[in-house]
1. For the range B:200-317, list the helices (runs of 4 or more DSSP H) that sit wholly inside it and hold at least 1 residues that are within 14 Å of chain A (Cβ to nearest Cβ); which are they?
2. From the list A:Glu247, A:Glu213, A:Glu203, A:Glu237, exactly one residue is at the interface with chain B (Cβ under 9 Å from one of its Cβ atoms), within 20 Å of the chain's Cα centre (by Cα) and surrounded by fewer than 20 Cβ atoms within 10 Å (Cβ to Cβ). Which is it?
3. What do you reckon, is B:Tyr338 away from every other protein chain (no Cβ under 14 Å), buried (at least 22 other Cβ atoms within 10 Å of the Cβ) and within 20 Å of A:Met205 (Cβ to Cβ)?
4. Taking B:Leu237, is it under 17 Å from B:Ala187 (Cα atoms) and either buried (at least 16 other Cβ atoms within 10 Å of the Cβ) or out of contact with any Lys or Arg (no Cβ under 7 Å at 6 or more places or on another chain) (or both)?
5. Taking the range B:367-410, which residues are loosely packed, with under 15 Cβ neighbours inside 10 Å and among the β-branched types (Val, Ile, Thr)?
6. Please find, within the range B:341-354, the residue that is farthest from the other protein chains (Cβ to nearest Cβ) out of those that are part of a loop (DSSP other than H, G, I, E, B) and free of Cβ contacts under 8 Å to residues at least 12 places away in the same chain.
7. Step by step: first the residues of the range B:355-376, then only those that are small (Gly, Ala, Ser) and assigned to a helix (DSSP H, G or I), then the one that is nearest to the other protein chains (Cβ to nearest Cβ). Which residue is that?
8. May I ask you to list the residues in the range A:192-224 that are farther than 26 Å from B:Thr340 by Cα, without any contact (Cβ under 8 Å) to a residue 40 or more places away in the chain and aliphatic (A, V, I, L, M)?
Amino acid sequence: MINENKETIQAIASINKHFLKLKNPVLRKVLAPRVTVADAAKVGGVAIGIMIKKLEEIGFEFEGDTPQKSNIDNLNTENMSESKNIKNLVSLDVRPTIESGEDPFNIIMKAVKILKEEETLLIINSFEPIPLIRKLQSKGYESWTERPMEGEVHTFFRMNSAKWVDNEVEESVKKSNKNFDEELAYFSDNIRKIDVRELEMPEPMVQILKEIETLKNDQALFVDHKKIPQFLLPELEVRNFDILYKEIDCNHTILLIYKSKRS
Amino acid sequence: MSVLNSNNAPDVSVVKPHFVFGSIALFILSVMIILADTNLLEAYFNTKILAITHMAVLGWASMIVFGALYQLIPVVFETSLYSEKLAKFTFWMFGISILFLTYTFWVGAFSSLLIYSSLLTFSALLLFVINIILSYRNSKKKNISSKFVITAIFWLAATEVIGTLIAFNFKFNFLSEIHLHYLKIHATIGLIGWFLLLIIGVGSTLIPMFLVSHQLNENKLKNAYAFINVGLIALSLNWFFINYALINPLFWLAIAIGVLLFFSFVFDAYKKRIRKKLDIGMKHTMISILSVFLPISTSLVVMMGFGMEEKLLIRVITLYGFTMIFGFITTLILGQTYKTLPFVIWLDKYKGLVGKAKTPMPRELYSENIAKGQFYLYLIFIVCMISGLIFNNIWMIRIGSYTLLAVSILYNINVFKIVFHTVKTIKNED
């Protein structure tokens with residue numbers, strides 16, 4: 001295990017170095033706890049489960065880049081069943097549904113609904129269902145992925161309990177790597193739109209803060225604004241909302257505001 | 001990736017004192033103008049007019065401009081102020097130095113106190129300049145508005161240097177030219193380089209924002225920037241080193257074209273505005289922008305002379321200063337106070353409540369009627385003073401002076417109403 005552990009630390013460190021290049025305040029905030037996880041594991045070697053999870057995550061984040069990839073993947077598969085302690089597995093193979101040309105989303109969500117707390121849902125698919133993972137993570141499920149063979153991906157979902165803190169870290173790292181369009185696509189059906197370009201200051205700010213009061217956790221607010229609303233930003237942070245922006249031209253900036261997933 | 005640095009706005013304790021000091025300075029200024037009385041019709045370099053001018057441009061105009069600029073740095077530069085501590089320290093130092101400097105001029109202590117008061121003022125202004133330049137270095141947004149602002153800061157530094165040199169000249173007499181010549185350069189680059197460029201920089205951001213106008217032609221601003229700066233640099237170099245008066249009209253023309261380009265930019269914003277009704281702040285602002293024709297024409301008269309008799313010419317020079325400082329700058333500041341200060345205080349008091357409860361709007365923090373009264377009285381003041389100066393009529397000057405006193409009292413009432421506003425809310429029904 002020690003050898004593998006070393007690799008983990010190296011792998012995480014390499015990600016960190018890569019991330020450090022980005023002068024990104026959110027990333028920095030997020031990375032600090034992440035390094036702590038790695039350090040903690042290094043020092044104590046306690047949270048082996050977490051370590052393995054990290055490894056696995058790195059395995060698929062660096063897919064195609066790292067020669068050791070298959071190594072790490074194999075390791076994951078070997079250790080996964082022990083460390084995760086899976087009881088009451090409910091499995092659902094969605095490949096036939098996809099082949100028949102249908103969207104398996106609703107079937108999966110039904111299965112999730114009837115899933116009991118001590119049960120784990122296994123989704124068998126030909127690819128990693130990232131949107132689904134995000135969706136369910138935002139609802140408090142933890143998930144992990146295995147690749148038992150080429151072209152087959154096993155994704156596990158379980159109601160999250162003890163590993164909440166760890167999940168948070170993971171979550172925010174993923175989020176901060178996403179750009180505006182991805183996030184927009186993620187919220188696609190759950191977007192409320194307002195245009196504040198024709199309002200006089202400080203009406204835009206008032207309108208936006210009013211809107212987010214009734215915004216649900218899985219909803220996002222899409223705003224057409226003239227510019228980046230400098231005085232709104234601290235208020236969003238206080239209210240625990242994240243904001244992404246994209247400049248269309250010098251008189252038009254679009255904003256995406258949603259409940260921060262860090263809490 | 002689009003992650004935003006979320007807290008660029010300065011603390012309210014940085015901005016607020018500037019407005020309080022500025023409004024009290026306006027009151028002191030109006031009292032000084034009443035006391036100066038017939039001195040106002042004498043040569044512009046008399047001690048009373050020098051004291052009044054410095055109280056007006058530093059204690060009143062620059063003080064409020066500093067406060068407003070600290071607040072606007074996130075908007076114009078898209079970065080935070082370099083140091084809030086330095087800004088607070090600068091405020092106290094600047095405040096004291098203004099009182100000291102104005103007193104020095106008022107009592108005419110040119111050979112004794114002036115050197116100290118001008119050095120103190122110089123240091124305070126330098127700290128301000130440093131704070132803004134260091135903020136600008138972190139700026140992500142180097143557009144035409146921020147270019148105007150930062151250039152204005154450099155002209156302010158140049159104004160300080162020349163002003164301080166004049167002060168030293170009284171003591172040591174080491175400059176080759178008479179100090180009036182340097183006073184002319186000092187005043188010109190102070191009014192045009194510092195105030196005009198700053199107003200264009202901040203105004204080109206704020207005016208379209210308040211009028212809610214889209215799709216404006218930035219090229220006008222870029223050309224204005226080139227014309228004004230080239231004209232002003234050439235004019236000062238000529239005055240400093242060559243002093244060949246016949247080419248000055250060329251430089252005057254360059255600056256005037258630049259100002260007209262800015263005027264045309266604002267006029268576009270006005271025509272394309274979505275908010276049709278102008279509130280009291282924007283009424284002031286539009287009158288101020290319109291009044292820019294007064295200093296343009298009076299400065300032409302001052303430069304050409306047109307064979308006027310000496311006594312009239314001297315009053316026209318005072319008139320030029322008056323239309324610039326009171327017609328243009330003060331009108332704008334009076335109006336923009338109603339746009340910025342209520343917002344600053346409102347943001348501070350209501351930021352936690354917005355969206356959750358029904359809050360008043362910034363414009364409900366002051367009395368609209370007092371502001372209106374102040375606006376019309378101010379117009380009377382301008383008309384009285386201009387006619388008093390042209391026709392050498394002390395009674396018009398006196399009526400004007402007392403009108404300004406009334407204006408300053410009304411303005412102070414509103415400023416203090418805003419500053420000491422207490423939170424009022426109605427629970428949201430919906």
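1. On the way: elements: B:218-237, B:248-271, B:280-290, B:293-304.
Per the criteria, B:218-237, B:248-271, B:280-290.
2. On the way: A:Glu247 fails: within 20 Å of the chain's Cα centre (by Cα); A:Glu213 fails: within 20 Å of the chain's Cα centre (by Cα); A:Glu203 fails: within 20 Å of the chain's Cα centre (by Cα).
Answer to the selection: A:Glu237.
3. Details: away from every other protein chain (no Cβ under 14 Å): no; buried (at least 22 other Cβ atoms within 10 Å of the Cβ): yes; within 20 Å of A:Met205 (Cβ to Cβ): yes.
The answer is no for B:Tyr338.
4. Values: under 17 Å from B:Ala187 (Cα atoms): yes; either buried (at least 16 other Cβ atoms within 10 Å of the Cβ) or out of contact with any Lys or Arg (no Cβ under 7 Å at 6 or more places or on another chain) (or both): yes.
Yes, satisfied.
5. B:Val383, B:Ile390, B:Ile394 - these are the residues of the range B:367-410 that are loosely packed, with under 15 Cβ neighbours inside 10 Å and among the β-branched types (Val, Ile, Thr).
6. Restricting attention to the range B:341-354, the residues satisfying the condition of being part of a loop (DSSP other than H, G, I, E, B) are B:351-353.
The next check asks that each one be free of Cβ contacts under 8 Å to residues at least 12 places away in the same chain; those that pass are B:351-352.
Working: B:Lys351: 5, B:Gly352: 7 Å.
The qualifying residue farthest from the other protein chains (Cβ to nearest Cβ) is B:Gly352.
7. To start, the set of residues in the range B:355-376 that are small (Gly, Ala, Ser) comprises B:355, B:357, B:367, B:371, B:373.
With assigned to a helix (DSSP H, G or I) added as a condition, the list becomes B:371, B:373.
Values: B:Ala371: 17, B:Gly373: 23 Å.
So the residue we want is B:Ala371.
8. Scanning the range A:192-224 gives A:Ala220, A:Leu221.
The values are calculated or read from the model by the stated rules, or taken from the named source; none is laboratory data. Only a predicted model underlies this, so the values are computations on that prediction, with no experimental measurement involved. No Cβ is skipped: glycine too gets one built from the backbone with ideal geometry, and neighbour counts run over all protein chains shown.
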